[in-house]
Amino acid sequence: MEKHIAVLPGDGIGPEVMTQALRVLAAVSEKFGHTFTTEEAVIGGAAYEAHGEHFPDATRAICAKSDAILFGSVGGPVSELHLDKWKGCEVNALLGIRKAFSFNANFRPVKVFPELIDICPLKKEVVERGIDILFIRELNGDIYFGEKKFFEKDGRRAAMDVAEYTEDQIASVANTAFQAARKRSKRVTSVDKANVLHTSKLWREVVHEVAKDYSDVALEDMLVDNCAMQLIKDPSQFDVILTTNMFGDILSDAGAVLPGSLGLLASASINAEGFGLYEPPGGSAQDIAGKGVANPIAQILSVAMMLKFSFSLQAEAEAIENAVSSALAKGARSGDIVQKGETAIGSVAMTDVVLAELA
Ligand code: NAD
(Lines give C-alpha, C1' and ligand atoms only; values in the text may rest on other atoms or scores of the structure.)
Protein backbone atom coordinates (compact mmCIF):
# COMPACT_ATOMS: atom_id res chain seq x y z
CA MET A 1 0.00 0.00 0.00
CA GLU A 2 1.19 3.54 -0.75
CA LYS A 3 0.02 6.41 1.45
CA HIS A 4 1.03 10.01 2.01
CA ILE A 5 0.93 11.29 5.58
CA ALA A 6 1.03 14.89 6.80
CA VAL A 7 3.18 15.06 9.94
CA LEU A 8 2.53 17.99 12.31
CA PRO A 9 4.83 17.62 15.36
CA GLY A 10 3.85 20.96 16.98
CA ASP A 11 5.39 22.17 20.23
CA GLY A 12 6.98 20.95 23.46
CA ILE A 13 7.26 17.17 23.56
CA GLY A 14 5.42 16.93 20.20
CA PRO A 15 8.55 16.80 18.00
CA GLU A 16 10.33 14.44 20.44
CA VAL A 17 7.61 11.80 20.54
CA MET A 18 6.79 12.25 16.84
CA THR A 19 10.38 11.30 15.92
CA GLN A 20 9.94 8.08 17.88
CA ALA A 21 6.52 7.31 16.37
CA LEU A 22 7.95 7.75 12.87
CA ARG A 23 10.65 5.17 13.68
CA VAL A 24 7.83 2.73 14.45
CA LEU A 25 5.93 3.68 11.27
CA ALA A 26 9.11 3.03 9.23
CA ALA A 27 9.58 -0.36 10.90
CA VAL A 28 5.97 -1.37 10.19
CA SER A 29 6.16 -0.29 6.57
CA GLU A 30 9.33 -2.35 6.12
CA LYS A 31 7.92 -5.41 7.91
CA PHE A 32 4.65 -5.41 5.96
CA GLY A 33 5.94 -4.03 2.64
CA HIS A 34 4.15 -0.67 2.51
CA THR A 35 5.34 2.71 1.29
CA PHE A 36 4.38 5.52 3.61
CA THR A 37 5.73 8.90 2.56
CA THR A 38 5.60 11.72 5.11
CA GLU A 39 5.59 15.48 4.73
CA GLU A 40 6.22 17.68 7.75
CA ALA A 41 4.38 20.95 8.44
CA VAL A 42 4.39 23.44 11.31
CA ILE A 43 1.46 24.02 13.66
CA GLY A 44 0.93 25.86 16.96
CA GLY A 45 3.75 27.97 18.40
CA ALA A 46 6.19 26.56 15.86
CA ALA A 47 3.89 27.82 13.07
CA TYR A 48 3.54 31.22 14.76
CA GLU A 49 7.31 31.65 14.68
CA ALA A 50 7.50 30.78 10.99
CA HIS A 51 4.29 32.35 9.63
CA GLY A 52 2.81 34.58 12.38
CA GLU A 53 -0.23 32.30 12.80
CA HIS A 54 -0.97 29.02 14.54
CA PHE A 55 -2.56 27.18 11.60
CA PRO A 56 -1.08 28.65 8.40
CA ASP A 57 -2.40 28.03 4.88
CA ALA A 58 0.79 26.18 3.94
CA THR A 59 0.07 23.60 6.67
CA ARG A 60 -3.56 23.33 5.63
CA ALA A 61 -2.47 22.66 2.03
CA ILE A 62 -0.09 19.87 3.07
CA CYS A 63 -2.85 18.27 5.16
CA ALA A 64 -5.39 18.60 2.33
CA LYS A 65 -3.29 16.55 -0.09
CA SER A 66 -2.49 13.82 2.45
CA ASP A 67 -4.27 10.54 3.18
CA ALA A 68 -4.12 11.14 6.95
CA ILE A 69 -2.68 13.59 9.48
CA LEU A 70 -0.34 12.59 12.28
CA PHE A 71 -0.44 15.32 14.92
CA GLY A 72 1.81 15.87 17.96
CA SER A 73 0.65 18.54 20.39
CA VAL A 74 0.55 22.32 20.57
CA GLY A 75 0.78 25.00 23.21
CA GLY A 76 3.26 26.82 25.38
CA PRO A 77 4.20 26.73 29.04
CA VAL A 78 1.13 27.51 31.16
CA SER A 79 2.99 30.55 32.66
CA GLU A 80 3.61 32.02 29.17
CA LEU A 81 0.17 31.67 27.63
CA HIS A 82 -0.24 35.50 27.64
CA LEU A 83 2.61 35.93 25.11
CA ASP A 84 1.64 36.49 21.43
CA LYS A 85 3.28 33.23 20.36
CA TRP A 86 1.10 31.22 22.72
CA LYS A 87 -2.06 33.33 23.07
CA GLY A 88 -4.97 31.30 21.66
CA CYS A 89 -2.50 28.74 20.31
CA GLU A 90 -4.41 25.57 21.22
CA VAL A 91 -7.80 26.95 20.13
CA ASN A 92 -6.47 28.44 16.87
CA ALA A 93 -4.57 25.32 15.91
CA LEU A 94 -6.98 22.61 17.09
CA LEU A 95 -10.34 24.25 16.34
CA GLY A 96 -8.80 25.60 13.11
CA ILE A 97 -7.81 22.19 11.81
CA ARG A 98 -11.06 20.55 13.03
CA LYS A 99 -13.06 23.18 11.19
CA ALA A 100 -10.89 23.07 8.04
CA PHE A 101 -11.53 19.35 7.59
CA SER A 102 -15.00 19.14 9.24
CA PHE A 103 -13.84 16.55 11.76
CA ASN A 104 -17.09 15.68 13.51
CA ALA A 105 -16.23 12.60 15.55
CA ASN A 106 -13.50 12.27 18.12
CA PHE A 107 -12.44 8.74 19.00
CA ARG A 108 -10.72 8.17 22.29
CA PRO A 109 -10.02 4.59 23.28
CA VAL A 110 -9.27 4.06 26.97
CA LYS A 111 -7.66 0.83 28.02
CA VAL A 112 -5.88 -0.14 31.21
CA PHE A 113 -2.82 -2.24 30.40
CA PRO A 114 -2.80 -5.30 32.71
CA GLU A 115 0.88 -4.57 33.53
CA LEU A 116 -0.07 -1.09 34.76
CA ILE A 117 -3.08 -1.88 36.94
CA ASP A 118 -1.26 -0.43 39.95
CA ILE A 119 -1.06 3.07 38.44
CA CYS A 120 -4.78 3.22 37.66
CA PRO A 121 -6.34 5.52 40.28
CA LEU A 122 -9.23 3.09 40.86
CA LYS A 123 -9.30 0.14 43.27
CA LYS A 124 -7.61 -3.01 41.98
CA GLU A 125 -10.81 -5.10 42.21
CA VAL A 126 -12.62 -2.57 40.00
CA VAL A 127 -9.82 -2.44 37.41
CA GLU A 128 -9.42 -6.21 37.30
CA ARG A 129 -12.90 -6.53 35.78
CA GLY A 130 -11.30 -4.99 32.64
CA ILE A 131 -11.45 -1.44 31.27
CA ASP A 132 -11.69 -1.10 27.50
CA ILE A 133 -13.86 1.84 26.45
CA LEU A 134 -14.15 3.76 23.20
CA PHE A 135 -15.41 7.32 23.73
CA ILE A 136 -16.95 8.84 20.60
CA ARG A 137 -17.55 12.55 21.05
CA GLU A 138 -19.39 14.79 18.59
CA LEU A 139 -17.05 17.66 17.64
CA ASN A 140 -18.91 20.23 15.56
CA GLY A 141 -22.00 21.26 17.50
CA ASP A 142 -23.17 22.02 21.05
CA ILE A 143 -22.41 24.89 23.36
CA TYR A 144 -18.90 25.53 21.96
CA PHE A 145 -20.21 26.70 18.61
CA GLY A 146 -23.49 28.47 19.43
CA GLU A 147 -23.97 32.20 20.02
CA LYS A 148 -22.03 33.45 23.03
CA LYS A 149 -21.97 36.85 24.67
CA PHE A 150 -21.39 38.90 27.78
CA PHE A 151 -24.23 41.27 28.61
CA GLU A 152 -25.83 43.21 31.40
CA LYS A 153 -28.95 42.10 33.24
CA ASP A 154 -30.56 44.31 35.86
CA GLY A 155 -27.29 46.23 36.12
CA ARG A 156 -25.29 43.05 36.86
CA ARG A 157 -22.81 41.24 34.59
CA ALA A 158 -24.22 38.22 32.79
CA ALA A 159 -23.04 35.81 30.10
CA MET A 160 -24.55 33.15 27.89
CA ASP A 161 -23.52 30.33 25.53
CA VAL A 162 -26.14 28.76 23.29
CA ALA A 163 -26.09 24.96 22.84
CA GLU A 164 -27.40 23.90 19.45
CA TYR A 165 -27.60 20.61 17.55
CA THR A 166 -29.15 19.69 14.22
CA GLU A 167 -30.53 16.23 13.54
CA ASP A 168 -27.94 15.73 10.78
CA GLN A 169 -25.04 16.45 13.14
CA ILE A 170 -26.40 13.89 15.60
CA ALA A 171 -27.21 11.25 12.97
CA SER A 172 -23.74 11.50 11.44
CA VAL A 173 -21.84 10.83 14.68
CA ALA A 174 -24.41 8.20 15.76
CA ASN A 175 -23.79 6.25 12.54
CA THR A 176 -20.06 6.45 13.21
CA ALA A 177 -20.55 5.09 16.73
CA PHE A 178 -22.78 2.17 15.67
CA GLN A 179 -20.31 1.20 12.94
CA ALA A 180 -17.45 1.31 15.44
CA ALA A 181 -19.46 -0.80 17.91
CA ARG A 182 -19.93 -3.47 15.24
CA LYS A 183 -16.15 -3.99 15.26
CA ARG A 184 -16.14 -4.30 19.07
CA SER A 185 -18.65 -5.92 21.41
CA LYS A 186 -21.71 -4.37 19.75
CA ARG A 187 -22.84 -2.16 22.61
CA VAL A 188 -23.40 1.60 22.57
CA THR A 189 -24.16 3.74 25.60
CA SER A 190 -25.55 7.09 24.46
CA VAL A 191 -24.97 9.76 27.10
CA ASP A 192 -27.15 12.86 27.34
CA LYS A 193 -29.14 15.00 29.76
CA ALA A 194 -32.52 14.35 28.19
CA ASN A 195 -34.36 14.91 31.48
CA VAL A 196 -33.47 18.63 31.27
CA LEU A 197 -32.00 19.77 27.93
CA HIS A 198 -33.83 20.15 24.61
CA THR A 199 -30.61 19.40 22.67
CA SER A 200 -30.41 16.14 24.61
CA LYS A 201 -34.07 15.24 23.93
CA LEU A 202 -33.36 15.64 20.19
CA TRP A 203 -30.07 13.75 20.61
CA ARG A 204 -31.87 10.77 22.16
CA GLU A 205 -34.65 10.78 19.58
CA VAL A 206 -32.23 10.83 16.62
CA VAL A 207 -29.83 8.25 18.12
CA HIS A 208 -32.78 5.85 18.51
CA GLU A 209 -33.87 6.48 14.91
CA VAL A 210 -30.34 5.70 13.67
CA ALA A 211 -30.20 2.60 15.90
CA LYS A 212 -32.99 1.01 13.81
CA ASP A 213 -30.38 0.44 11.06
CA TYR A 214 -28.13 -1.41 13.51
CA SER A 215 -30.39 -4.02 15.09
CA ASP A 216 -27.30 -6.14 15.89
CA VAL A 217 -25.99 -3.42 18.23
CA ALA A 218 -27.45 -2.97 21.73
CA LEU A 219 -28.21 0.64 22.66
CA GLU A 220 -28.71 2.02 26.15
CA ASP A 221 -29.24 5.62 27.24
CA MET A 222 -27.54 7.06 30.26
CA LEU A 223 -27.78 10.49 31.85
CA VAL A 224 -24.43 12.27 31.99
CA ASP A 225 -24.36 12.63 35.76
CA ASN A 226 -24.94 8.91 36.21
CA CYS A 227 -22.31 8.16 33.55
CA ALA A 228 -19.69 10.21 35.43
CA MET A 229 -20.47 8.17 38.54
CA GLN A 230 -20.47 4.81 36.72
CA LEU A 231 -17.11 5.58 35.07
CA ILE A 232 -15.52 5.58 38.50
CA LYS A 233 -17.69 2.90 40.14
CA ASP A 234 -17.77 0.29 37.38
CA PRO A 235 -16.07 1.29 34.10
CA SER A 236 -16.00 -2.34 32.91
CA GLN A 237 -19.72 -2.04 31.99
CA PHE A 238 -18.93 0.28 29.04
CA ASP A 239 -17.93 -0.51 25.49
CA VAL A 240 -18.68 2.43 23.14
CA ILE A 241 -19.77 5.66 24.84
CA LEU A 242 -21.38 8.04 22.34
CA THR A 243 -21.93 11.58 23.52
CA THR A 244 -22.21 15.28 22.78
CA ASN A 245 -19.34 17.72 22.38
CA MET A 246 -19.33 19.14 25.91
CA PHE A 247 -20.19 15.95 27.80
CA GLY A 248 -17.58 14.13 25.70
CA ASP A 249 -14.95 16.74 26.48
CA ILE A 250 -15.41 16.19 30.21
CA LEU A 251 -16.13 12.44 30.33
CA SER A 252 -13.27 11.48 28.00
CA ASP A 253 -10.82 13.41 30.18
CA ALA A 254 -12.15 11.55 33.22
CA GLY A 255 -11.58 8.36 31.22
CA ALA A 256 -8.08 9.51 30.28
CA VAL A 257 -6.82 9.24 33.85
CA LEU A 258 -7.79 5.56 34.11
CA PRO A 259 -4.69 4.14 32.31
CA GLY A 260 -2.53 6.17 34.74
CA SER A 261 -0.87 8.62 32.32
CA LEU A 262 -1.77 10.79 29.35
CA GLY A 263 1.32 9.33 27.70
CA LEU A 264 -0.47 6.00 27.14
CA LEU A 265 -3.47 7.09 25.06
CA ALA A 266 -4.11 7.82 21.42
CA SER A 267 -7.05 9.65 19.89
CA ALA A 268 -8.48 10.38 16.47
CA SER A 269 -10.70 13.01 14.88
CA ILE A 270 -12.53 11.78 11.81
CA ASN A 271 -14.87 13.42 9.30
CA ALA A 272 -17.87 12.01 7.45
CA GLU A 273 -15.63 10.99 4.50
CA GLY A 274 -13.35 8.99 6.80
CA PHE A 275 -10.38 11.42 6.60
CA GLY A 276 -8.66 11.46 9.98
CA LEU A 277 -6.20 13.19 12.30
CA TYR A 278 -4.39 11.10 14.91
CA GLU A 279 -2.84 12.49 18.08
CA PRO A 280 -2.13 11.94 21.76
CA PRO A 281 -4.88 13.59 23.81
CA GLY A 282 -2.34 15.21 26.13
CA GLY A 283 -0.74 18.58 25.55
CA SER A 284 2.78 19.75 24.84
CA ALA A 285 3.93 18.85 28.39
CA GLN A 286 6.30 21.80 28.55
CA ASP A 287 7.36 20.75 32.07
CA ILE A 288 9.29 17.82 30.58
CA ALA A 289 9.94 19.06 27.02
CA GLY A 290 13.50 18.91 25.75
CA LYS A 291 14.58 16.38 28.36
CA GLY A 292 14.05 13.25 26.27
CA VAL A 293 11.88 11.68 28.97
CA ALA A 294 8.37 11.94 27.48
CA ASN A 295 6.45 8.71 27.09
CA PRO A 296 6.30 8.03 23.31
CA ILE A 297 3.54 5.38 23.60
CA ALA A 298 0.61 7.78 23.02
CA GLN A 299 2.16 8.98 19.76
CA ILE A 300 3.13 5.43 18.73
CA LEU A 301 -0.45 4.22 19.38
CA SER A 302 -1.69 7.17 17.29
CA VAL A 303 0.21 5.61 14.38
CA ALA A 304 -1.55 2.28 15.07
CA MET A 305 -4.92 4.04 15.13
CA MET A 306 -4.14 5.75 11.80
CA LEU A 307 -3.25 2.43 10.19
CA LYS A 308 -6.47 0.85 11.50
CA PHE A 309 -8.97 3.66 10.89
CA SER A 310 -7.63 5.46 7.81
CA PHE A 311 -5.92 2.63 5.95
CA SER A 312 -7.84 -0.45 7.27
CA LEU A 313 -4.50 -2.11 8.09
CA GLN A 314 -5.74 -4.16 11.04
CA ALA A 315 -2.79 -6.60 11.29
CA GLU A 316 -0.23 -3.78 11.11
CA ALA A 317 -2.07 -1.81 13.81
CA GLU A 318 -2.30 -4.87 16.04
CA ALA A 319 1.41 -5.54 15.54
CA ILE A 320 2.15 -2.11 17.03
CA GLU A 321 -0.38 -2.50 19.84
CA ASN A 322 1.04 -5.92 20.74
CA ALA A 323 4.61 -4.58 20.63
CA VAL A 324 3.63 -1.82 23.06
CA SER A 325 1.94 -4.35 25.40
CA SER A 326 4.99 -6.63 25.26
CA ALA A 327 7.35 -3.72 25.95
CA LEU A 328 5.31 -2.85 29.04
CA ALA A 329 5.14 -6.51 30.07
CA LYS A 330 8.95 -6.62 29.82
CA GLY A 331 9.16 -3.72 32.26
CA ALA A 332 9.88 -0.77 29.93
CA ARG A 333 8.83 2.32 31.92
CA SER A 334 9.12 6.02 31.16
CA GLY A 335 9.09 8.51 34.05
CA ASP A 336 5.31 9.02 34.01
CA ILE A 337 4.51 5.33 34.63
CA VAL A 338 7.48 4.21 36.70
CA GLN A 339 6.75 2.73 40.11
CA LYS A 340 8.79 2.10 43.24
CA GLY A 341 11.71 -0.22 42.56
CA GLU A 342 11.55 0.27 38.78
CA THR A 343 13.99 2.28 36.63
CA ALA A 344 12.71 4.96 34.26
CA ILE A 345 14.02 5.05 30.71
CA GLY A 346 13.81 7.88 28.15
CA SER A 347 11.73 8.25 24.98
CA VAL A 348 14.38 6.74 22.69
CA ALA A 349 15.07 3.71 24.90
CA MET A 350 11.33 3.12 25.37
CA THR A 351 10.86 3.12 21.58
CA ASP A 352 13.87 0.82 21.18
CA VAL A 353 12.06 -1.79 23.30
CA VAL A 354 8.85 -1.39 21.26
CA LEU A 355 10.84 -1.77 18.03
CA ALA A 356 12.58 -4.88 19.34
CA GLU A 357 9.18 -6.41 20.20
CA LEU A 358 7.82 -5.42 16.79
CA ALA A 359 10.71 -7.16 15.07
P1 NAD B 1 -0.31 18.51 29.30
O2 NAD B 1 -1.28 17.50 28.80
O3 NAD B 1 0.69 19.02 28.33
O4 NAD B 1 0.47 17.91 30.55
C5 NAD B 1 -0.20 17.48 31.73
C6 NAD B 1 0.74 16.55 32.53
O7 NAD B 1 0.85 15.31 31.83
C8 NAD B 1 2.15 17.12 32.64
O9 NAD B 1 2.67 16.82 33.91
C10 NAD B 1 2.92 16.38 31.56
O11 NAD B 1 4.30 16.24 31.85
C12 NAD B 1 2.22 15.02 31.54
N13 NAD B 1 2.29 14.38 30.22
C14 NAD B 1 1.54 14.64 29.12
N15 NAD B 1 1.94 13.87 28.09
C16 NAD B 1 2.97 13.11 28.56
C17 NAD B 1 3.82 12.13 27.97
N18 NAD B 1 3.70 11.76 26.70
N19 NAD B 1 4.78 11.57 28.75
C20 NAD B 1 4.90 11.90 30.03
N21 NAD B 1 4.14 12.82 30.65
C22 NAD B 1 3.18 13.42 29.91
O23 NAD B 1 -1.18 19.70 29.89
P24 NAD B 1 -0.73 21.17 30.40
O25 NAD B 1 0.61 21.10 31.05
O26 NAD B 1 -1.88 21.67 31.17
O27 NAD B 1 -0.65 22.02 29.07
C28 NAD B 1 0.58 22.34 28.39
C29 NAD B 1 0.23 22.98 27.07
O30 NAD B 1 -0.42 22.01 26.22
C31 NAD B 1 -0.73 24.15 27.18
O32 NAD B 1 -0.25 25.18 26.35
C33 NAD B 1 -2.06 23.62 26.67
O34 NAD B 1 -2.83 24.62 26.05
C35 NAD B 1 -1.59 22.59 25.65
N36 NAD B 1 -2.54 21.49 25.36
C37 NAD B 1 -2.53 21.04 24.07
C38 NAD B 1 -3.31 19.94 23.74
C39 NAD B 1 -3.21 19.42 22.34
O40 NAD B 1 -2.30 19.78 21.62
N41 NAD B 1 -4.11 18.52 21.93
C42 NAD B 1 -4.09 19.30 24.72
C43 NAD B 1 -4.05 19.77 26.02
C44 NAD B 1 -3.25 20.87 26.35
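Summing Cβ point charges (Lys, Arg +1; Asp, Glu -1) relative to the Cα centre of segment 121-257 gives a dipole of roughly 340 debye. The simple spin-label model puts a point 7 Å past each Cα toward its Cβ; for Ala272 and Leu95 those points are separated by 2.2 nm.
Scaling the Cα radius of gyration of segment 1-71 by the globular reference 2.2 N^0.38 Å produces a ratio of 1.16.
Taken over the alpha carbons of the chain as equal point scatterers, the Debye sum produces base-10 log I(q)/I(0) values at 0.07 Å⁻¹ of -0.30. Most simply put, the chain has about 45% antiparallel DSSP beta bridges, counting only bridges with both residues inside it. Segment 246-296 and segment 136-170 have Cα centres spaced 25 Å apart. Helical runs assigned H by DSSP (4 residues or longer) give the chain a calculated mean residue ellipticity at 222 nm of -11500 deg cm²/dmol, each run adding -39500 (n - 2.57) before division by the residue total.
The alpha carbons of segment 121-257 stretch over 55, 38, 22 Å along the principal axes, in descending order. The relative contact order of the chain comes to 21 percent, based on Cα pairs under 8 Å that sit 6 or more residues apart. Applying a threshold of 19 Å to the alpha-carbon distances of Lys99/Lys149; Lys65/Lys183; Lys3/Lys308; Lys123/Lys233; Lys111/Lys233; Lys111/Lys186 flags Lys99/Lys149; Lys65/Lys183 as lying beyond it.
Taken over the C-alpha atoms, segment 220-314 has Rg and Dmax values of 15.1, 46 angstrom. Rolling a 1.4 angstrom probe over the protein heavy atoms with all chains in place gives the chain an accessible area of 45 Å² per residue.
As an exercise, use a Förster radius of 35 Å and the Cβ-Cβ distance of His34 and Asp216 to find the FRET efficiency, rounded to the nearest 0.05. With a Förster radius of 35 Å, E is 0.60. Assuming charge only on the beta carbon of Lys and Arg (+1) and of Asp and Glu (-1), the dipole of segment 1-160 about its Cα centre is about 500 debye to the nearest 20.
The values are calculated or read from the model by the stated rules, or taken from the named source; none is laboratory data. The shown structure was predicted, so the numbers you read here are calculated from the model rather than taken from an experiment. Every residue, glycine among them, receives a Cβ derived from its backbone with ideal geometry; neighbour counts consider all protein chains shown. Accessible surface areas use protein heavy atoms only, side chains included; no ligands, DNA or RNA. Shrake-Rupley method; radii C 1.70, N 1.55, O 1.52, S 1.80 Å.
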